[in-house]
Amino acid sequence: MSNQKESGAPDPFLVWERPEPKKRPAPAPLSRDRIVRAAITLADAEGLAAVSLRKVAALLGSSPMRLYGYIDTKEELLDLMLDAAYGEMIAEGPFQGAWQDCLRTMAQRTREAVHRHAWLTELLSGRPLQGPNAMTYSEAALAALSDQPGFEDIAVTLQTLKTVTAYVVGALQDEASEHHAVQVSGMTKEEWQLATYPYLERMLATGRFPNIARIVKEVEHPSPAEEFERGLQIILDGVAARMNS
């Protein structure tokens, strides 16, 4: 390990702590924040697959090579975009109320952020939350629960947050999958459902899927927002039951 790391100095390997290049006269002044904001604008308009350093540079009126002074790879750019989304959630204020209220607020903020930035569902899992905004958000969530009765054990608090987060990410990905199918088809949601229903009827008529058939016939299909809230309530009820056992 280098002396730099032993001394506690910032590790230049991490994009969060790497100094930006010195400012110099240029037709289009750059900063890491401007680059990230441009990437978010691009992703909002065209999807995450459209984000590249070349396209972001073009949006900023710059060259891709200039961006490399601020960001080494596209993966770093995606990490910064994710952290910026957490920054938006932090800006909405502290988590307040009973533990159920705090967890519901966290869940709803994430869902609202995904509705602002559809690409966020692709980044919410599989990436460590090491950015300053993500860590601030995690610290605020842990603090909001740690002050509540039943959450004196930090391990219980952490596991509760992980459980709720797993539900939220999974529910949002499920919600996005149907939206993606409709979007790719070029139809409205109603047109897509009408076009695919004959296939579903043929599959159910085989008798191989009796429980799916029951769902189609018996289950009321609420709005995505209602379905999200129902699932979240099941998770919160489970946490409450564990605390009262």
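FYI, it's all coordinate maths here, none of it is from the lab. Every value quoted in this text rests on a predicted model; they were computed, and no experiment measured them. So basically every Cβ, Gly included, is an ideal-geometry build from the backbone, and we count neighbours across all protein chains shown.
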> Taking into account only those residues within region 110-137 that are assigned to a helix (DSSP H, G or I) and free of Cβ contacts under 8 Å to residues at least 12 places away in the same chain, which is farthest from the chain's Cα centre (by Cα)?
Replying inline: Met135
> If only one of Ala213, Ala166, Ala140 is touching a helix residue (DSSP H, G or I) at 6+ places or on another chain (Cβ under 8 Å) and either β-branched (Val, Ile, Thr) or under 25 Å from Trp119 (Cβ atoms) (or both), which one is it?
Replying inline: Ala140
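Residues are listed down the side, and each one gets a yes or a no for (1) touching a Phe, Trp or Tyr at 6+ places or on another chain (Cβ under 7 Å); (2) over 30 Å from Ala84 (Cβ atoms); (3) of a type in the set (S, T, N, Q):
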{"residue": "Ala141", "(1), (2), (3)": "yes, no, no"}
{"residue": "Thr157", "(1), (2), (3)": "yes, no, yes"}
{"residue": "Ala176", "(1), (2), (3)": "no, no, no"}
{"residue": "Gly186", "(1), (2), (3)": "no, yes, no"}
{"residue": "Ile234", "(1), (2), (3)": "no, yes, no"}
{"residue": "Ala240", "(1), (2), (3)": "no, yes, no"}
>> Cβ-Cβ distance below 9 Å, separation of 6 or more or different chains: which pairs start in region 94-109 with a residue that is without any contact (Cβ under 8 Å) to a residue 40 or more places away in the chain and end on one that is outside any helix (DSSP H, G or I) and surrounded by fewer than 19 Cβ atoms within 10 Å (Cβ to Cβ)?
In response: Thr105/Glu92; Thr105/Gln96; Thr105/Gly97; Arg109/Glu92
> Has region 186-195 got at least one residue that is touching a helix residue (DSSP H, G or I) at 6+ places or on another chain (Cβ under 9 Å) and basic (Lys, Arg)?
Replying inline: yes
